[in-house]
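Report on the following structure.
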2 protein chains.
Amino acid sequence: MIEAVPNVSEGRDRGTIDRIASAVSSVPAVRLLHVGSDEDHNRTVLTYVSDRSDALAQATLALYDAAVGSIDLRRHSGEHPRVGAVDVCPFVPLAGSTMADCVALAREVGREIAARFEIPVYLYEEAATRPERRELPRIRSGQFEGFTKKIARPEWKPDFGPDRVHPSAGVTVVGARVLLIAFNVQLATDRLDLAEAIARSARGVSGGLRFVRALPIRLAHRGIVQVSMNLLDYRRTPIHRAFNLVREEAARWGVEILSSEIVGLVPAEALWDAAAWHLRLENFSPSIILETRLGAQNQESER
Amino acid sequence: MIEAVPNVSEGRDRGTIDRIASAVSSVPAVRLLHVGSDEDHNRTVLTYVSDRSDALAQATLALYDAAVGSIDLRRHSGEHPRVGAVDVCPFVPLAGSTMADCVALAREVGREIAARFEIPVYLYEEAATRPERRELPRIRSGQFEGFTKKIARPEWKPDFGPDRVHPSAGVTVVGARVLLIAFNVQLATDRLDLAEAIARSARGVSGGLRFVRALPIRLAHRGIVQVSMNLLDYRRTPIHRAFNLVREEAARWGVEILSSEIVGLVPAEALWDAAAWHLRLENFSPSIILETRLGAQNQESER
């Protein structure tokens, strides 16, 4: 089974979001698991799975078709950085598939997107063709508005498609990666400079936690700011450690944490680990969970 | 499906524990999910399930047979209060069964235990025949050593079986109840009086949290003490609230929490709730868990 988690640059217009979701769910053999939209980010994250690569490719191309037909980046504003109508589309190996399967799927889908929609495609993470294209933030820097210049530089020639930005749909980033957790923490302040300082202390690249990416985001309609994080390896940098660091850094400015939120879906074990940390459980393993035991075949008692 | 969670008064002798566990797991159609022993408590908790009442009855009678044949309460010492070789045996309704099913099963098994082993049986919780027998601590007060006198009083005439204590196996308590969480918190002190003070502040009956039972327990081999709790309704008195209260009360005595532990099994949602509390998740529901979504039928996308 492979999971696709495209991020689409529309989080406000219900009609457009529904059209894009329907494009995915109308493909048989694909299960749309979750659709999460944010008005301030002006962005929607869709999560769908299938155990058939061809069905995932078909659903993803249908999603691009719907998004490219409905979203015009020239008129798009939102707090989250973006380069395309479909900004980024990662494929994630779940049980029964490998990263190699996802890389192959990303390249096949990327090639087809370029051919069908004339959109420049960049491959990232495990599907990247050059080391400097592994990390999404480096591809995305300059955003849609800066990409007309960026794409002209030889080192930013797209992996597939034309050497010029699609007028309304921009460019797109397709790839393969391990499961990540998108996790936002809301601060009880409207000061974006504090969210920026806290994000900087949290993110790995600037000396914070190794597998954390973090951005400050203004949530205009709530009158507060947010530290928006990607947890790239939740087993090694767990969700509670990221939360605790943000809370600690916020306290240094006299700022409280209002709340946090998961964007998209979260693996069960990541929350169990956070509970075990808070409760200081000394004997925690998934095997003490009733549902895990009920789900497992118990050889011993079924002889 | 019904779950049985008998507590047996042996937590040290591996041979006896294995014999008792085998008696359960040898019954077809019964799945032994978990066996947890504690040396200081000198007690073992077994968890098994079946969707057939007759199989659960058969496994439970086999467990009594093995325990009564191996455990002599006259030579039993342990920190946990107990009245019988099989101290208590609750039946718990899981998906697809009702409390009425469990009450009927408890009464049937109780009658059979009395007839087959000549052990006095008390029915408790939902299976209780009188209000004053609902709560386990009231039945158990006086323990094995005090029961010879207690059983002679008319109000403590057993529900089934003889009016005198079984010489080696004592009495037993059988019943039906909702799922509870057995949760112990270890304190960084050897002072039992502090564990008692903290347990008193935590337990519902003395003014603490409504659905908490709590006992102070000495863990001799670790040189520390423990607050041993039953969380009788984890949706209304969640695990993190019990933990936080114990931590707060311990701090008042300058005592740290070393760790906690789950005895037996815990429902997944109880740990998710603790994670959501610690992380201040504003949008938590089981539907944001990847595995929940994968497990659920997604009507929308499977049309």
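Key figures
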item: Among (1) within 22 Å of A:Ala202 (Cα to Cα); (2) in contact (Cβ under 8 Å) with a residue 24 or more places away in the chain - the single one A:His221 does not satisfy; result: (1)
item: Qualifying residue in the range B:8-24 (condition: within 14 Å of another protein chain (Cβ to nearest Cβ), among the hydrophobic types (A, V, I, L, M, F, W, C) and more than 23 Å from A:Ser287 (Cβ to Cβ)); result: no
item: Failed item in (1) farther than 25 Å from A:Val109 by Cβ; (2) within 14 Å of another protein chain (Cβ to nearest Cβ), with A:Leu180 passing the rest; result: (1)
item: Failed criterion for B:Leu209 (all others in (1) away from chain A (no Cβ under 14 Å); (2) farther than 30 Å from B:Ile2 by Cβ; (3) not basic (Lys, Arg) hold); result: (2)
item: Residues located in the range B:255-270, provided they are within 7 Å of another protein chain (Cβ to nearest Cβ) and more than 12 Å from A:Arg280 (Cα to Cα); result: B:Leu265, B:Val266, B:Pro267, B:Ala268
item: One residue from B:Arg241, B:Arg252, B:Arg235 being more than 9 Å from every other protein chain (Cβ to nearest Cβ), open to solvent by 10 Å² or more (accessible area, probe 1.4 Å) and at pLDDT below 95; result: B:Arg235
item: Helices (runs of 4 or more DSSP H) fully within the range A:133-211 counting 1 or more residues that are under 16 Å from the mean Cα position of the chain (by Cα) and surrounded by fewer than 22 Cβ atoms within 10 Å (Cβ to Cβ); result: A:136-140
item: Residue ID - most open to solvent (accessible area, probe 1.4 Å), chosen from residues in the range A:273-287 that are more than 16 Å from B:Asp273 (Cα to Cα) and at the interface with another protein chain (Cβ under 7 Å from one of its Cβ atoms); result: A:Glu282
item: Among the residues listed as B:Val225, B:Val246, the single one being within 14 Å of another protein chain (Cβ to nearest Cβ) and over 24 Å from A:Asn184 (Cβ atoms); result: B:Val246
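The values are calculated or read from the model by the stated rules, or taken from the named source; none is laboratory data. What you see is a predicted model, and the numbers here were worked out from it, not measured in a lab. Positions of Cβ are backbone-derived with ideal geometry, glycine not excepted, and every protein chain shown enters the neighbour counts. Heavy atoms of the whole protein, side chains included, go into the accessibility calculation; ligands, DNA and RNA do not. Shrake-Rupley method; radii C 1.70, N 1.55, O 1.52, S 1.80 Å.
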